[in-house]
1. Please go through the range 138-161 and pick out each residue that is more than 17 Å from W111 (Cα to Cα) and either at pLDDT 85 or above or touching a Cys at 6+ places or on another chain (Cβ under 6 Å) (or both).
2. Can we say G121 is at pLDDT 85 or above, assigned to a helix (DSSP H, G or I), surrounded by fewer than 21 Cβ atoms within 10 Å (Cβ to Cβ) and touching a Phe, Trp or Tyr at 6+ places or on another chain (Cβ under 6 Å)?
3. Consider only pairs whose beta carbons are under 6 Å apart and that are at least six residues apart or on different chains; among these, list those whose first residue lies in the range 112-126 and is β-branched (V, I, T) and whose second residue is buried (at least 21 other Cβ atoms within 10 Å of the Cβ) and assigned to a helix (DSSP H, G or I).
4. Applying the selection to the range 64-80, what residues are surrounded by fewer than 17 Cβ atoms within 10 Å (Cβ to Cβ) and either at positive phi or at pLDDT 85 or above (or both)?
5. Do you know which residues across the range 33-49 are assigned to a helix (DSSP H, G or I), at pLDDT 75 or above and under 13 Å from V167 (Cα atoms)?
Amino acid sequence: MDNSFETLLEHSKQAIRYWWLLLLTGIALFIIGLVVFLYPAQSYLGMSLMFGFLIFFSGLFQIILSAGNKHYMTGRGWMLAGGIIEVILGVILILNTALSAATLPIFLAFWLLFRSFSAIGLGSDMNAMNVPGSGWTIVSGVLLLLLSMWILFQPILFGTAAVIIWVGISLLFAGMSACIFAFQLRDVHKHMK
């Protein structure tokens, strides 16, 4: 029994060794959100390419984190599925820069919507394992869910200019949430050493 616990503990240490990838993703999301929020008049074609690369690399980091911990990480399915979807969305946006002004906000809203589901799922898994601060991950997922729904309905109600500002705000929030989660993983990693 004691040997099984030690094995589980060793596997858990392996599962969180790439916490910094999530931190890099969070920093990138925050910076891009800041740029979008401060310069909403940027062209949608340029934003399409910028978001395409951001989403692509965010997904790639999630796939690496998930694949590198395939035997150790609970809830890794959320991260793997999210990473695959983000890579596909990123490639679509990179290769098709002629997306219309109405399509890009919808694409981004669905991406943020999926990130919110992923955060809620990961937070629930963390909560089940009694990880301190897991409630904040769930709360950030719920808030991101509300922001993504707001973005989806903005083009209908207020036009695409307002959507870009809300996308910027949502990316700022998504970046902060990813950084918080990364630091939670880092703290767990330090505690397990």
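1. Selection gives I138, V139.
2. Criteria met by G121.
3. I120/G141
4. Scanning the range 64-80 gives a single hit, I64.
5. G33, L34, V35, V36, F37, L38
The values are calculated or read from the model by the stated rules, or taken from the named source; none is laboratory data. Just so it is clear, the model here is predicted, and its values are computed rather than measured. Counting neighbours? That spans all protein chains shown, and the Cβs are built from the backbone with ideal geometry, glycine included.
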